[in-house]
Amino acid sequence: MTEEAAVFCRPEGDLRVDDVTPEDTLVAQGAPVARLREHPDIALVAPMAGRVARVVLRPGRRLAEIVLFREAGGDRHRHDVGGSAATEAGVRRLMQSAGLWPRLQRRPFGRLPPSDERPAAIVAMAADTRPMAPDPRMALRGREEDLARGLSALAGLTDGPVLLCQQAGPSLVENGLADGRVMIVTTGPRHPQGLAGLRIHDLCPAGIDAPVWEVHAEDAADLGALLVTGLLPETRLVSVAGAAMNETLLLRCQPGADMRGLSHGHVRPGPHVLMAGSPLDGREARWLGPRERQVTVNPQARAASRHWFQSALTRSSTQVPVIPTAALEQSVGGAFPAAAMIRALASGDDETAMKLGVLSLLEDDLALTDYVIGGAPRLSTLLRRMLDRIETEYAA
């Protein structure tokens, strides 16, 4: 448990909050510290017992961060779970009040699901093939009953299937849960075969009128434990690795943990950069996000000095064409024609991209493709622009 942790929103995000806990208030782990303005039933909860040290809101009451200092021996907030597992409304209400709702990710567009939405399917990821990612099987060891209970509860939130994606090996849960609606799907061992977007595209493509929810299997197990105890589990399995580390760490910490605290004492001398995520899709950050389970620590790269004339020539040069190769197709796991998708993204052809499956994808699904082609602008940037445009023009 790091000495500091935070409930936060990325700069590009838009979480407007009310009922924010004042600074210098002592809060219990799992207790609400803010509620979403448009969906007041959805709470953001304290990741650990501590004291609210700083509240930063942007204009319009947009959340920037709520920072907590740890208080040793603090309390844990107990949620009312009486009859919650028996009904859809009870599970939905419990997830929203206990802070599990922000751990869901909706496709298309990668937003937080509306509080009353009923998805076409739910995909629980018990596989992660990104470089240096922690093995979800290790995170779920000894928690099989919690996982089964959580998946069964999630099945009540959708009319479609709940798909548990895991790598080859013994099944994490028994077949036939929730009257057979919880199904086990085996993924390949190589990256990007363990990415949620590619699995969703293969198994249950997301559409504007057919949203699909993604959740980590460990969060599904947390739901299963919450339904029995009323207590939100405190920690998750996280890897801390990278070229600037003396050794790779595999540890359990709270959501929103201070990444400086996680890596302290294990970083090689010299300036370094902390990234939340893998070396392929990580972003510079201070806090570990609600769905993130990787910290990458790399040496800080020195900016190469370039003559202004060379920079001008580079900026004015024509874009290098993308040549279909085996490496390019493998970077998307063969899920769709990579070259055709790249052309659609580069040209802004929304209709063609939607036919190819762009609504199932998010930025991290194209991180390996960006690495393979090394182009500019990055495909992940083009993808986000296209998704925002489609959301405005087609889903409004």
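The values are calculated or read from the model by the stated rules, or taken from the named source; none is laboratory data. What you are looking at is a predicted structure, and each value in this text was computed from that prediction instead of being measured. All Cβ positions, glycine included, derive from the backbone under ideal geometry; neighbour counts span all protein chains shown. The accessibility values were calculated without ligands, DNA or RNA, using every heavy atom of the protein model including side chains. Shrake-Rupley method; radii C 1.70, N 1.55, O 1.52, S 1.80 Å.
Summary table below
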{"read-out": "Accessible carbon and sulfur surface of segment 33-91 relative to its total accessible area, %, 1.4 Å", "value": "47"}
{"read-out": "Segment 152-240: GluC sites (Glu not before Pro) in DSSP loop, at most 14 other beta carbons within 10 Å", "value": "E174"}
{"read-out": "Relative contact order (%) - the chain, alpha-carbon pairs under 8 angstrom, separation at least six", "value": "15"}
{"read-out": "Three-way shape call for segment 40-162 based on the alpha-carbon gyration tensor, with the a/c threshold at 1.5", "value": "rounded"}
{"read-out": "Fraction in percent of alpha-carbon pairs per bin - 10 Å, the chain", "value": "5, 21, 32, 28, 11, 3, 0"}
{"read-out": "3J(HN,Hα) from dihedral phi, segment 353-361, Karplus parametrisation 6.51/-1.76/1.60, rounded to Hz, x for glycine, proline", "value": "4, 5, 5, 7, x, 5, 6, 8, 9"}
{"read-out": "Backbone N within segment 142-183 under 19 Å of label point (7 Å from T87 Cα along the Cβ vector)", "value": "153-159"}
{"read-out": "Accessible surface of segment 138-210 [probe 1.4 Å, protein heavy atoms]: carbon and sulfur percent", "value": "48"}
{"read-out": "Filtered trypsin sites (Lys or Arg not before Pro), segment 116-189: DSSP coil and at most 12 other beta carbons within 10 Å", "value": "R141"}
{"read-out": "Label-reachable residues, segment 327-351, where backbone N falls under 15 Å from a point 7 Å from Y371's Cα toward its Cβ", "value": "327-333"}
{"read-out": "Gain in span if fully extended, A395 to A178, counting 0.36 nm per residue against the direct Cα distance", "value": "75.0 nm"}
{"read-out": "Peptides ranked, highest mean first, by Cβ atoms within 10 Å: ranges 219-225, 76-82, 29-35", "value": "219-225, 29-35, 76-82"}
{"read-out": "Solvent-accessible heavy-atom area per residue, rounded to whole Å², over segment 5-140 at 1.4 Å", "value": "43"}
